[in-house]
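Every number in this text was worked out from the coordinates using simple rules, so none of it is lab data. Only a predicted model underlies this, so the values are computations on that prediction, with no experimental measurement involved. Heads up, the Cβs are rebuilt from the backbone with ideal geometry, glycines too, and the neighbour counts pull from every protein chain shown.
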Amino acid sequence: MMTRTLLLMRHGKSDWNAGAADDFSRPLSKRGKRNSRRIGQWLAKQGLRPDILIASPAARTLHTATLICQALDIPAAQIVQDEHLYLAGPDTLLEVIGRLPASAHTVMLIGHNPGLEELLAGLLGEAAPLPADGKLMPTAALARLQFAADWQQRDAGQARLAELVRARDLDEK
């Protein structure tokens with residue numbers, strides 16, 4: 001069976017001072033835009049192009065997804081907006097993953113914490129190793145997970161963490 005890749009990304013840093021009407025409408029900050037582009041460029045260099053990109057419909061998450069698509073030369077119209085991802089917990093995120101088609105080998109989910117960190121720990125079957133600053137998935141962080149099984153086989157311990165990439169650790173290009 002072919003290995004599957006799940007890319008879990010937390011949205012870029014949002015702008016708390018933008019005057020957004022609510023949490024859902026909060027946009028990306030300048031740093032959030034820059035770091036989202038950095039992750040997109042890193043994905044392009046690695047040749048990691050998702051078959052399906054699913055994003056929370058929150059403004060900051062959709063903008064992050066759009067910047068990722070620009071870096072990968074994917075039309076933004078291909079972003080699948082899934083309202084279930086907005087502030088979703090790990091069980092909801094697992095349900096979304098379970099509905100993925102067998103034909104998809106590389107899938108990217110762009111969402112929110114703490115759900116993404118909890119999902120990551122659950123899929124690994126253990127806590128992921130914490131970086132020195134103690135933050136597993138700060139804004140614009142990406143976890144690349146490998147699965148040997150299909151998307152319906154997502155029990156604890158089914159995934160292997162290939163790498164954890166944080167935009168702020170990448171060189172500016």
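Overview of results
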quantity	calculated
Degrees, to the nearest 10: 115-124 long Cα axis against longest axis of the chain	20 degrees
Gaussian network model of the chain, Cα within-10 Å springs - most flexible of 13, 33, 45	45
R0 of 22 Å, Cβ-Cβ distance residue 102-residue 48: FRET efficiency to nearest 0.05	0.65
Inter-centroid distance (Cα atoms) of region 55-95 relative to region 125-173, Å	17 Å
Gain upon complete extension [residue 95, residue 171; 0.36 nm per residue less C-alpha separation]	23.8 nm
Rounded FRET efficiency, nearest 0.05, which uses the C-beta distance separating residue 160 from residue 83 and R0 of 45 Å	0.90
For the chain, convex hull volume per residue from C-alpha positions, Å³	109 Å³
Phi to ³J(HN,Hα) by Karplus 6.51 cos²θ - 1.76 cosθ + 1.60 over region 156-169, Hz, x for Gly, Pro	4, x, 6, 10, 10, 7, 6, 6, 10, 10, 10, 3, 5, 8
